[in-house]
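These notes concern the structure reproduced below.
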Amino acid sequence: MNIGQVAERAGLPAKTIRYYEDIGLVRPQRSGNGYRAFSEQDLHKLAFLARARALGFTIEDCRTLLGLYEDEARESADVKALATEHLVQIEEKIAQLREMHATLAKLVEACHGDHRPDCPILQGLAEEG
């Protein structure tokens with residue numbers, strides 16, 4: 001498969017696939033004219049990476065997950081530990097987003113949104129933490 005075909009099937013932009021190749025996550029064969037020739041295994045890796053990235057795993061986490069996936073002697077505890085750590089990070093981000101939402105909702109509610117110059121939103125942003 002060429003890069004366009006594998007991009008379509010994996011659901012990734014060709015630019016992302018080139019980047020993954022540059023950082024060593026995939027290593028497609030090269031034909032005599034230098035074009036990339038992707039195998040079904042490459043496609044599978046790229047789809048795996050796309051799903052992992054969609055779940056918010058970092059590139060380094062993806063590298064680790066891919067290594068664990070390919071390691072038949074892996075321990076599922078290693079995979080679970082990585083996923084659990086990521087889940088904790090997601091929960092922390094959700095808590096931060098809820099705080100942001102609550103603060104911004106209060107500021108928006110306090111603003112009259114009329115022709116007067118006073119604005120609680122700007123005042124709230126100007127306050128020191």
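The values are calculated or read from the model by the stated rules, or taken from the named source; none is laboratory data. Just so it is clear, the structure is predicted and the values come from calculations on it, not from any experiment. Note: ideal-geometry Cβ built from the backbone for every residue, glycine included; neighbour counts use all protein chains shown.
Worth pointing out:
- Whichever residue in the range 19-70 is among the basic types (Lys, Arg) and more than 30 Å from Lys93 (Cα to Cα) and, among such residues, is surrounded by the most Cβ atoms within 10 Å (Cβ to Cβ): Arg36
- Here Ala83 does not fit the description of being within 24 Å of Glu8 (Cβ to Cβ), without any contact (Cβ under 8 Å) to a residue 40 or more places away in the chain and not hydroxyl-bearing (Ser, Thr, Tyr).
- Helices (runs of 4 or more DSSP H) (entirely within the range 11-129) containing at least 3 residues that are at pLDDT 95 or above and closer than 27 Å to Met1 by Cα: 14-22, 40-54, 59-70
- The test for being loosely packed, with under 11 Cβ neighbours inside 10 Å and within 25 Å of the chain's Cα centre (by Cα) does not hold for Ala81.
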